[in-house]
Structures are given as structure tokens and as C-alpha cells.
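A short write-up of the structure that comes next.
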Amino acid sequence: MEFNRTAYRGYLVRGDLPGAMAYVKGFPEQAGLYEKFRARFEEERYDVYDGDEAFDKILLCYQRYYRNTFYLRLDRSEAEDRLRAGLARALGMADTVPLDELEEERAADVFRRKGFHFQGGRTSGWYGPYIWSVTERRTFEVELPDGLESYTVNLLDGFISRSWLDYLSFGETGTGGWTDGDGVIHCVRSAYDLAGEDFQVSLLKHEAQHARDLARKPGLPSEDLEYRAKLVELIYSSRRNLLERFVREADGADRRNGHAAASCRIVEGISRLLGHNAGEAAALPADQIQSAARTLFEESGGLLEQ
């Protein structure tokens, strides 16, 4: 059996760090990668930001949180409470200050004073900040199933933190972008060729669909947002086998991980429509997958009316 990078990344997207490490350990040629995991999560060899002690204190809190959450598998609320307590100590605040305030008001201010941008909160159910220094604003025309529209895109660079998935994967994979309630799309510039399908479909169309859905129904749950946006990716993708990727990511056990739960719904829906199991469906021609995805997307319109 050969090492399958899509399968490996699937473990990480699901937040299954022990599964990823066990998978990697089974391939002698991946001994170097396994040693990186062992050093980081068994020996606790944490990264530091060269030359700024205040930055290090905050970043170390998040790295310990990643270890507690994904390696030690602590209860989610306990891991978050330890993160809150650690940030309070690092920032010289009372232990009773809420986590969201510690992030968005206190930790963010430490980085902003040095010229960095800070985006806290959860990504697919888990904490992990995005911290960067460079923003370039561009405008793109984006075609979606419901029509063409212009979107402002902030191209971001100079990152010192790209949240939990980037950390777990040693920078190999991670969130490539996001959109807030203001409809502006934020893009990790280094992750994309702006002329490629990854950017044009998996970033622009995916995040533009989020923006459109949130404009129609603010507060739409993450799983529903990801479900519709991932279907849009399938509708417009012809050069990549995204359904195979979604099969590897699918996990309906934890509904707070919106990406994994949405992938699970998509795999189940397309398998039902096409009459094949997940593995067989992923091997079908792109036009059949696109047609099934369009059907599921049209049916999903009811989520915006509930």
C-alpha cells in the first residue's frame, strides 16, 4: 500500500491527530514526518516567534491548546478553559475574563500594536488565531449558481499563525480563506495560484457562496454554510477530484466540525442520487458528479427559508 496524501490530510481535517500519526507511522518512507509529530506532540517542542516575548507567551497558549485538544483528546470545554486561563496569565488579566474578550480585545491588541492583524474565534469548532501583517485589496467577479456578482477580496500575507489545521499539518494544509458578516472575502495569498481552479473555485466561489448565504440568513449554522459552499465547488470543478477529498474528510460524528459534517452529507447525498457507494461515486465522470451536486444544491435552498 502506498502513502495516500489525500487520506492523510483527511485525518487532519477531521481533527483526528492520533489517526494521522498512526497512518504516517505505517510508512517507513514517512519516518521524518512521524518524527516531527512525535517531537511536537510527545516531547512538546513548541515553536517560538523570534525576538518577541509577548508574542511567544500568547502563541504558546494556543500550541498547548492544540496539544490538549488534538493529541491528548481532552474534553473540549476543559481544553478551552485551560486556553482561557493560560491567555489570562500571559496577558496579566484576571482568571475570570471570558475567552472571547481575551482574544479579540487583549491578545489582538498585543499584535496590532506591532502592525499585525489578528482574527480569533473558532474554525470548524476549534480555536486558533490567524495573525498576519500584509493585506492587499482586490475586486473579483464571481459566478455562482444564482448569478454573477462582484466581491472584495483581501489577499493576506506575512502570517505567523494560520490556526489549528495549519499547525497540525506543519503548514501543508489549512484554511485558505474565510468571509465575515460584511461580505468581504479574506484569502491566504501564499496558498493559491490566482489563475488556478483551487483559487477560482475552492476559494472565490466557496467563500462568495458563504457571503451570499449569510446576507440572506445571518446566523446560518456552519454545517449548512459548508454544505452549500462545498456543493458549489463540485458544480464548478472539472480538473480535480474533489469528491474523493470530501470522502476522506467526511465525519458526521461531531456536528461542530462544519467541514467534516458537510462532507459527510454531500457524500451520502451524491451516493444516494447516483446509486453508488462513496468510493464508486468518487470515481465517476466529473459531469455526473456536477449534475448530482447541482440537484443537491437546488434542494438545499430550503435551508435559507427555515
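The values are calculated or read from the model by the stated rules, or taken from the named source; none is laboratory data. If you're wondering where the values come from, they're calculated on a predicted model, not measured in any experiment. Cβ sites come from the backbone with ideal geometry, for glycine too, and all protein chains shown count toward neighbours. Just the protein is used for accessible areas: all its heavy atoms, side chains included, with ligands, DNA and RNA removed. Shrake-Rupley method; radii C 1.70, N 1.55, O 1.52, S 1.80 Å.
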Ratio of Rg to Rh over segment 11-68 (Cα coordinates, Kirkwood Rh, two decimals):
1.06
If one takes the longest principal axis of the Cα atoms in the chain, at what angle in degrees, from 0 to 90 and to the nearest 10, does the Cα axis of helix 286-299 lie?
80 degrees
In segment 219-282, if the dipole is taken from +1 on Lys/Arg beta carbons and -1 on Asp/Glu beta carbons about the Cα centre, which of 252, 242, 267 is farthest to the positive end?
242
How big is the shadow of the Cα convex hull of the chain, averaged over all directions, in nm²?
16.6 nm²
Dipole size in debye (nearest 20) for segment 190-299 around its Cα centre, Lys and Arg Cβ +1, Asp and Glu Cβ -1?
220 debye
Coordinate range along principal axes, alpha carbons of segment 94-189, Å, largest first:
50, 28, 26
What share of all Cα pairs of segment 11-145, in percent, falls into each consecutive 5 Å distance bin?
2, 9, 16, 18, 17, 14, 10, 8, 5, 1
Proximal lysine pairs in the chain, meaning Cα under 30 Å and 8 or more positions apart or interchain, come to 6
Carbon and sulfur together cover what percent of the accessible area of the chain at a 1.4 Å probe radius?
45 percent
Using the eigenvalues of the Cα gyration tensor, what equivalent ellipsoid semi-axes result for segment 138-214 when each is taken as the square root of five times the eigenvalue, whole Å, largest first?
22, 13, 11
If you take the C-alpha gyration tensor of segment 203-260, multiply each eigenvalue by 5 and take the square root, what semi-axes do you get, largest first, in whole Å?
19, 17, 6
Could you check how many percent of all C-alpha pairs in segment 226-294 are farther apart than 21 Å?
13 percent
How big is the charge dipole of the chain about its Cα centre, in debye rounded to the nearest 20, if each Lys and Arg gets +1 on its Cβ and each Asp and Glu gets -1 on its Cβ?
360 debye
Using unit Cβ charges (K, R positive; D, E negative) and no other charged atoms, how large, in debye to the nearest 20, is the dipole of segment 67-136 about its Cα centre?
300 debye
May I ask which residue of 209, 178, 99 lies farthest towards the positive end of the charge dipole of the chain, with charges of +1 (Lys, Arg) and -1 (Asp, Glu) on Cβ and the Cα centre as origin?
99
The chain - accessible surface per residue (Å², probe 1.4 Å)
46 Å²
So what does the Cα-only Debye profile of segment 157-306 read at q = 0.14, 0.19 Å⁻¹, as log10 I(q)/I(0), no solvent term?
-0.69, -1.27
